[in-house]
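Below is one structure, written out as structure tokens, with a few remarks after it.
Computed from the coordinates by the stated procedures, all read-outs in this text should not be read as laboratory data. Please read all numbers here as calculations on a predicted model, not as lab measurements. Neighbour counts are summed over all protein chains in view; Cβ atoms, including those assigned to glycine, are modelled from backbone coordinates with ideal geometry.
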Ligand SMILES: *Cc1c(COP(=O)(O)O)cnc(C)c1O
């Protein structure tokens with residue numbers, strides 16, 4: 001008999017979520033508007049410390065609307081981390097602008113100096129660079145200290161993709177509070193979920209209201225259906241907002257459990273020959289939400305992520321590659337970028353491990369045992 005499958009990052013729901021969804025259903029607000037949407041927006045804004053929020057169908061939709069409201073379109077060049085999920089760069093492509101890829105540091109987050117150098121190069125060439133994007137990868141904020149000022153000095157707006165990082169902070173400032181606008185995702189595998197959904201946050205009321213208008217098919221305030229420009233159908237359903245509010249009420253609990261799981265992996269890191277991406281416990285500068293625990297194999301390890309993922313799969317454990325850098329994706333072949341080789345190095349050595357808040361200590365012990373078998377078997381290659 002095989003042991004039950006251990007998944008990478010499954011959502012957990014409790015009575016709180018069930019009751020919230022049932023309450024919303026029975027309230028009659030079965031539509032992409034309603035009191036739970038309004039309350040969810042207020043509660044996220046409050047948690048993040050921003051003035052305004054807009055609940056949407058996905059994080060991707062939120063990125064798209066942020067770029068549109070900042071005037072991004074054909075002829076613009078948008079520096080963006082190459083180490084990210086395709087949603088970040090796809091949003092740029094939707095607007096007709098051109099992504100310019102920027103490499104990362106050893107924590108997987110964009111290299112701020114390289115990002116500013118990319119802006120300088122583009123501006124020297126006379127390119128229009130209205131916006132640059134960052135991604136707070138795997139639940140860890142980018143080092144915004146000099147980046148925020150550097151972009152402001154260059155007249156470039158910042159859109160922060162914090163899809164993976166709700167609840168993380170940098171020097172006490174919350175992910176999502178950096179930049180002119182920021183985005184969260186509530187996809188099913190994120191730190192908290194609405195099964196599918198996203199949020200755009202900003203201190204800029206005009207930006208949020210403009211995005212709200214675009215998200216409802218750009219309907220003009222007229223007694224009939226009046227449209228003067230192309231809009232989108234991007235609003236979050238009230239039922240899902242109710243689910244989101246219940247999950248938000250458990251966010252700290254979810255973060256704490258994922259942090260405990262990361263600590264269990266950290267405990268064996270030195271012995272098994274890997275490092276963890278990011279910090280294990282907050283350094284005082286970074287407090288991470290520990291969304292996904294990712295290990296980076298030692299440089300001299302003859303193992304590849306493929307071997308490790310396969311060995312874990314044989315034990316009915318789901319592990320994955322880290323994001324494949326965007327500049328290596330066929331769909332972005334030939335795109336321009338600024339590279340140090342760091343993102344390719346991470347792609348060649350990093351494996352993301354089961355991290356879901358619903359996993360028990362014995363689940364994680366099973367993962368650690370399986371890791372030990374594959375990583376230690378290899379430590380004595382002459383034994384076979
Ligand atoms: C999940 C994710 C998104 C997209 O969110 P959706 O809600 O799935 O559209 C965007 N960027 C990053 C970095 C993500 O991890």
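Out of everything in region 297-313 that is in a helix (DSSP H, G or I) and touching a strand residue (DSSP E or B) at 6+ places or on another chain (Cβ under 7 Å), what residue ends up being nearest to residue 342 (Cα to Cα)?
Top of the filtered list is 305.
Check whether at least one residue in region 199-214 is closer than 17 Å to residue 65 by Cβ, within 16 Å of the ligand (Cβ to nearest atom) and part of a loop (DSSP other than H, G, I, E, B), and report yes or no.
No, there is no match, as no residue in region 199-214 is closer than 17 Å to residue 65 by Cβ, within 16 Å of the ligand (Cβ to nearest atom) and part of a loop (DSSP other than H, G, I, E, B).
Within region 209-217, is even one residue touching a residue at least 40 places away in the same chain (Cβ under 8 Å) and over 19 Å from residue 33 (Cβ atoms)?
No, because not a single residue in region 209-217 is touching a residue at least 40 places away in the same chain (Cβ under 8 Å) and over 19 Å from residue 33 (Cβ atoms).
Let's see how each residue does on (1) over 30 Å from residue 30 (Cα atoms); (2) surrounded by 19 or more Cβ atoms within 10 Å (Cβ to Cβ); (3) touching a residue at least 60 places away in the same chain (Cβ under 8 Å):
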{"site": "280", "(1), (2), (3)": "yes, no, no"}
{"site": "292", "(1), (2), (3)": "yes, yes, yes"}
{"site": "301", "(1), (2), (3)": "yes, no, yes"}
{"site": "314", "(1), (2), (3)": "yes, no, no"}
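Only helices (runs of 4 or more DSSP H) wholly contained in region 58-146 count here; list those with 1 or more residues that are within 13 Å of the ligand (Cβ to nearest atom) and surrounded by fewer than 24 Cβ atoms within 10 Å (Cβ to Cβ).
So the answer is 59-69, 86-95.
Do the conditions hold for residue 231, that is, is it touching a helix residue (DSSP H, G or I) at 6+ places or on another chain (Cβ under 7 Å) and without any contact (Cβ under 8 Å) to a residue 40 or more places away in the chain?
yes
Any idea which residue in region 182-193 is surrounded by the fewest Cβ atoms within 10 Å (Cβ to Cβ), counting only those that are within 9 Å of the ligand (Cβ to nearest atom) and more than 9 Å from the chain's Cα centre (by Cα)?
188
Just to verify a result, which residue in region 160-181, among those that are part of a strand (DSSP E or B) and within 11 Å of the ligand (Cβ to nearest atom), is nearest to residue 146 (Cα to Cα)?
Filtering first and then ranking leaves 160.
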